[in-house]
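First comes the structure, then the notes that go with it.
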Amino acid sequence: MKILYVEDEIGKHIDNVLTLFDKYLTLEIKNQIDKLIEKTSEKRKGISGIELREVINNSDIIHVEYRFPDTLKELSQHYNQYDLIIVDRNLSEEKYTEQEIQDIKIFLPVFKKEFYAGKEGGGREGDYLLHYLFCKVGEKVLKKFYFLSAYSDDLSKQDLLEYYVNLDLLTQNNFIPKNNENIVRFRDEIVNEIENLTIRHDNLIYLKTLKDHINNELAKDFFSILKNQKSIDYIEQNVDLSRKIYESISRKIIQKNKINFKAGQKNLIDYLEDKDEQGKPNYKNYKLNSGPILCLFGRTLYYITSSNIHKDYESNLYKPSLETVQALVSMLKDIILWFDDVMGS
């Protein structure tokens, strides 16, 4: 899951971006932003939105837009990807035409530029984005939608938001004044405390490896395990998903390395251990730089998940527990790290 941040003057307010998303922006992205700042400072001009968008959107967690039509298109296609949406109410600095909006084929609500001009000048494109999402998904959008505001009390300038305010769907808490104190408070209380984003951030290397080398569906499966690993209701599902991930990794490695099993070898672990005639692993030459730990984890994971699939548990026998799931997660993480090395070699 991700954060969508929309600001038409993003170059002018780059400090807000760096402050809000300090936890989630990688050092590489921060360094690239610093270089842009240095380059534009020498030329005495601001950083362009297109340059910042290109750099920041390399992040797996933060996505930025600076033009209203591009934002609407992103939300129309990928709304479900976002756990948090932060939008500047006035997006009129970056010029656009009504035709651009019509080309996106949003039928409800209808966008009329003059209607969203705002009573005090400037645009209210952000208000339209909220109207659109409210029509699309209902009031649940208000739980993750926030406005960037130049005012400390934007409810006094509610304009087109009166409907939401009168029904107590929108409060002052949905507005973030553009000053450092409020930006820091919002970061600490909201941005850094979203569970899905924290899980994604803390496990990005594993999720990215599965997505890059296999597919996004498998990355979502591992995310599901991570999110539900402490829930007793998900024990059986988590064990089954662990098996699915392990088998997908095995198939990918076999395919990439064009592995042909010798007589007696039935799976990837047999191949990696390359046992001798006495059935002992070749300790001096584990295949693909695997080693005893990796092979032990692979066998253990396979046997645990096989028992769950075939329901090989008598009523009086010990069944998978939350601790079993924790063990599977730890073993999978090591296997995924090794898998990344194998795919990169």
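A short reminder: the numbers here are calculations on the coordinates, not readings from a lab. Here the structure is a predicted model, which means the values were calculated and not measured. Reconstructed Cβ throughout: ideal geometry from the backbone, glycine too, with neighbour counts over all protein chains shown.
Annotations
- Given the chain, longest segment not containing exposed loop chymotrypsin sites (Phe, Trp or Tyr not before Pro) (DSSP; at most 14 other Cβ within 10 Å): 152-260
- Sorting 63, 201, 78 from the fewest to the most surrounding beta carbons within 10 angstrom yields 78, 201, 63.
- Both the radius of gyration and Dmax for region 231-275 are 14.0, 42 Å, in that order, over alpha-carbon atoms.
- Relative contact order [Cα under 8 Å, 6+ residues apart], region 1-124, whole percent: 36
- Taking only alpha carbon atoms, region 182-330 gives an Rg to Rh ratio of 1.06, where Rh is the Kirkwood radius.
- Cβ-derived FRET efficiency at R0 51 Å, residue 114 paired with residue 31, nearest 0.05: 0.70
- For residue 191, the shell of other residues with beta-carbons less than 14 Å away shows a net charge of 0, using +1 for Lys and Arg and -1 for Asp and Glu.
- Taking all Cα pairs closer than 8 Å and separated by 6 or more residues, the relative contact order of region 182-260 comes to 21 percent.
- FRET efficiency for residue 237 and residue 293, using Cβ-Cβ distance with R0 set to 25 Å, rounded to 0.05: 0.40
- Cα Rg, Dmax (largest Cα-Cα span) when computed across region 2-194, Å: 16.2, 50
- Relative contact order (percent, whole number), the chain, Cα cutoff 8 Å, 6+ residue spacing: 14
- Length gained on full extension, residue 285 to residue 136: 47.8 nm, using 0.36 nm per residue less the C-alpha separation.
- Cα-based Rg / Dmax (Å) for the chain: 25.5, 85
- Ranked list, fewest to most other Cβ atoms within 10 Å of each Cβ, for 76, 321: 321, 76
- Between region 64-138 and region 235-272, the Cα center-to-center distance that results, in Å: 47
- Ellipticity at 222 nm from helices only: DSSP H runs of n ≥ 4 in the chain, each -39500 (n - 2.57), divided by the residue count, give -16000 deg cm²/dmol.
- With respect to the chain, whose longest principal axis is taken over its alpha-carbon atoms, helix 27-42 is tilted by about 30°.
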